[in-house]
Amino acid sequence: MSREQTSSSASPNQNEASELAKPTQQPCVLLVEDDRSVRRYLEVTLQRSGYQVVTAADGLEAMKRALSSPIDVIGTDAIMPNLSGHELARFLRSNPKLSHLPIVMLTGQENYEAATAGENLIDAFLIKPVRAEELKSCLTGLLHRNPRAPALPKK
């Protein structure tokens, strides 16, 4: 985010405070992964690439986060406790406020039909172990297709 020019009458602390108060234009990713180390690795990698990241450890927690946070795209594990990635995708697609969100399924299954459970609920799927660059590229592509998404992070 670039700093805007301010008048000379404003103090440096006022400038910093006003910049902090501005809404961010970074796309926000809801990252849903039950493996803590994988979740943290992908979270840090995406943050370093300019994304805001909201995390959840399972599908149930992700439902709550999706309803309470301004999300632009979702990356979810397929198999998780409490609520699977497939069940989360069904919930998202049935909710009028969330149905437009692009969904990336992260899965160990290499077969598309098995990975999507035969349903047309997700926009992309990546095979685990997911490389950070592969996830970033996929998210960028999905955000380009979503006209409601904010500007993409600068590389």
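The values are calculated or read from the model by the stated rules, or taken from the named source; none is laboratory data. Note that the structure is a prediction, hence the values are computed from the model and not measured. A quick note on method: Cβ atoms are made from the backbone with ideal geometry, for glycine too, and the neighbour counts reach across all protein chains shown.
When residues in the stretch 61-86 are screened for being without any contact (Cβ under 8 Å) to a residue 60 or more places away in the chain and buried (at least 16 other Cβ atoms within 10 Å of the Cβ), 15 of them pass. If the condition is being under 11 Å from the mean Cα position of the chain (by Cα) and without any contact (Cβ under 8 Å) to a residue 60 or more places away in the chain, then the stretch 31-60 contributes 31, 32, 43, 47, 52, 53, 54, 55, 56. Consider residue 83 carefully, then state whether it is at pLDDT 95 or above, touching a helix residue (DSSP H, G or I) at 6+ places or on another chain (Cβ under 9 Å) and within 15 Å of residue 65 (Cβ to Cβ). The answer is no for residue 83.
Among residues of the stretch 103-123 that are on the phi > 0 side of the Ramachandran plot and assigned to a loop (DSSP other than H, G, I, E, B), those with a beta-carbon under 9 Å from a residue that is at pLDDT 80 or above and surrounded by 12 or more Cβ atoms within 10 Å (Cβ to Cβ) at least six positions away or on a different chain give the pairs 117/78; 117/84; 117/86; 117/89.
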